[in-house]
1. Note down all Cβ pairs under 6 Å where the first residue falls in region 159-171 and is farther than 25 Å from Val87 by Cβ, the second is among the hydrophobic types (A, V, I, L, M, F, W, C) and at pLDDT 95 or above, and they're at least six residues apart or on different chains.
2. Do you know which residues across region 285-304 are outside any strand (DSSP E or B) and surrounded by 14 or more Cβ atoms within 10 Å (Cβ to Cβ)?
3. Answer yes or no: is there a residue in region 42-63 that is more than 35 Å from the chain's Cα centre (by Cα), surrounded by 12 or more Cβ atoms within 10 Å (Cβ to Cβ) and more than 18 Å from Val123 (Cα to Cα).
4. From the list Ala510, Ala408, which residue is touching a helix residue (DSSP H, G or I) at 6+ places or on another chain (Cβ under 7 Å) and farther than 22 Å from Val375 by Cα?
5. Mind checking which residues of region 1-27 are touching a residue at least 40 places away in the same chain (Cβ under 8 Å), loosely packed, with under 15 Cβ neighbours inside 10 Å and part of a loop (DSSP other than H, G, I, E, B)?
6. Please give the number of the condition Ser124 fails out of (1) small (Gly, Ala, Ser); (2) within 30 Å of Ser9 (Cβ to Cβ); (3) in contact (Cβ under 8 Å) with a residue 60 or more places away in the chain.
7. May I ask you to list pairs of residues, at least six apart or on different chains, whose Cβ atoms are under 7 Å apart, with the first in region 539-551 being in contact (Cβ under 8 Å) with a residue 60 or more places away in the chain and the second being buried (at least 17 other Cβ atoms within 10 Å of the Cβ)?
8. Only one of Val598, Val560 is of a type in the set (A, V, I, L, M), assigned to a helix (DSSP H, G or I) and surrounded by fewer than 19 Cβ atoms within 10 Å (Cβ to Cβ); which?
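The values are calculated or read from the model by the stated rules, or taken from the named source; none is laboratory data. None of the values given here were measured: they were computed from a predicted structure. Please note: Cβ atoms are built from the backbone with ideal geometry, for glycine as well, and neighbour counts cover all protein chains shown.
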Amino acid sequence: MYKIFKITSDSTIDFAAEELKKYLRMMMPRCGEIPIKYAPEAAEGFRIGLMSDFGLDTSDAEDITLDDIIYIDADKSGGIIAGSNPVATLIAIYRYLRFCGCRWIFPGVDGECIPIIDEPAEVSYRKHADHRYRGQCNEGAEFQQSMIETIDFTPKIGLNTYMLEFDNPICYYNPYYDHTHSSVREPEPVSRDTVLQWKRQCEAEIQKRGLHFHDMGHGWTAEPFGIDSSNGWFVDEEDFVPPESRKYVAMLNGERKLLDGKALLSNVCMSQKEARSIMVNYIADYAQKQNNVDFLHVWLADGEHNACECEECRKKTPSDWYVILLNELDEELTKRGLDTHIVFIVYTNTFWAPLEEVIKHQKRFTMLYAPLGRVYTETYAKDADMDKLIPYTLNQIKRPSGMSDALAYLYDWKKNWNGDCFCYEYHFFWYQYWNINNMFLSKILYEDICSLKKHGLSGIIEDGSQRSFFPTGFQFYVYGETLFDSSVSFEELKEDYFSHAFGKNWKEVAMYLETLSEYMDTAYYLGLKSVDAEKGKFYCPEMADKMPKVRELVENFKPVIQENKNQSCRASTVAWQLLTYHAIAVCGIADITEYKCVGKHKEARDAIEKLIDEMSKHEIYIERYYDHYLFAHSFHHMKIDMKDA
């Protein structure tokens, strides 16, 4: 009865057609085979292709390859499902399936809510996505099955971008496969070759879906000089800089050596033309070989207080030297006939705009704004306060913390930057565990996204764990849906997500998590509520009175979880089961808080270790949704308090 015709020949369109077939057959399990054919002349059935194949208007797209427009005109027997580009077409398929009742609340098969229906929906819909850049970047502790599932999940919630940081991201895989912070799982190390193969597998899955592939970031200040930075933020050997490269390492306190023994944190003596030339040629070689990359990120070293202090480097700011490097890279890429698109970053040392230099060929570049020091209790709804700008001081920088302060630096950069700009954000980094109940940060993220256009920002790539679905996937759902369509209200998103994830009792779950969030003030766990800095940034005795209420709330809700943990929809079963493990985490955090907030640091440390040990025993059951390494790391942060006794 049903037929699918591909109007254009494209590998992503092929995949989109297969996805439509799969889910139609799942929704109508007695409908029989649904044939797929390539037939540009088709006038019946489901016709899948680019909007241009159907003569549909895409004039509202500034760049047809980057701006996603989806078009659906379908009745019960079929119709047109198209996009402005291949990934937009795939997203259009998933949007159509949403109209039929499908939802994806977690990555993987266990996160699918697929209804049984009698016939497909009648849909007439056209939408130009509200933001151009909508994606995520690998971070935390990765395992390969999770990576593949999150790539697959990306377009299902309206995202179009995936970034893989590092040439070889073994520093992200090691914490998982070594089972760092686990008291029950033995290490099972993986090799560098395996991880590189896995990165290529991820790239193939990204390409199959037509997602925009962003690559690299850090590493360019080390690898071109024969210095291995793949160990990431972990300490390397002090003397592994090749003798011939020592002269190119940034001078700090009169010595040319790696900062804290970490290649990733070490910059280059940028005033040396030869050093820049080595970097430029290395980057150009990489671009030439890795010709599947859509956006190549060229960042300097991570960390702060690491700019070269030699006499020549002192003559310009790090951002001025950075722009010189970028212009030289542009010249080399042009010379080689490469159209590689470069992303440069406004981050740490380069958060300050250059004083003299300007990027010449702006069409080759996109700006990435990364306000690492921002505080997640306020949003991009703030206005930039240009009076808060402070001059750059070599290796004595202080991160702006307020959004008004941080946005001032963006506006300062944009005085001489007319090109595209988007954000690199951290809502799904360890901050997610300081709002363990998921609701406060979800609202912050929603308000952030709704305010991006106010500042001329074209979207976000989130740096965070690919397992950011604990206790729910609501925050990630908010992320994808709001970037795609910012007109949807937060309350609509909440009802949509929770009703599909938890069924008829969804309101009880939402209220339970919201009440927990009220008791467990996120600002406290960010270290912003201390009433006496001399006693530590977590000293806030009033929090102690709230923790018994937290335990009482959890105990009262446990019977509700027990009554609902077995659902007809597999995704709902998983959602309810996650609340069981979440209750363990909440009570453990309450114990930590009760000690920490009154200055009982030793007891708090013991409670932290106890909770990490307890969660490690459950990790295997929830690891597709919960990142134990990042969870443990986030609470170790509470142990690092300069006032601790």
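1. Asn168/Val195; Asn168/Leu196; Ile170/Val195
2. Passing the criteria: Tyr286, Ala287, Gln290, Val293, Asp294, Trp299, Leu300, Ala301, Asp302, Gly303, Glu304.
3. Yes.
4. Numbers: Ala408 fails: farther than 22 Å from Val375 by Cα.
Answer to the selection: Ala510.
5. Scanning region 1-27 gives a single hit, Met1.
6. It is condition (3) that Ser124 fails.
7. Sorted first by the residue in region 539-551, then by its partner, the pairs are Tyr539/Ser530; Tyr539/Cys597; Tyr539/Gly599.
8. Selected residue: Val560, the only one of Val598, Val560 that is of a type in the set (A, V, I, L, M), assigned to a helix (DSSP H, G or I) and surrounded by fewer than 19 Cβ atoms within 10 Å (Cβ to Cβ).
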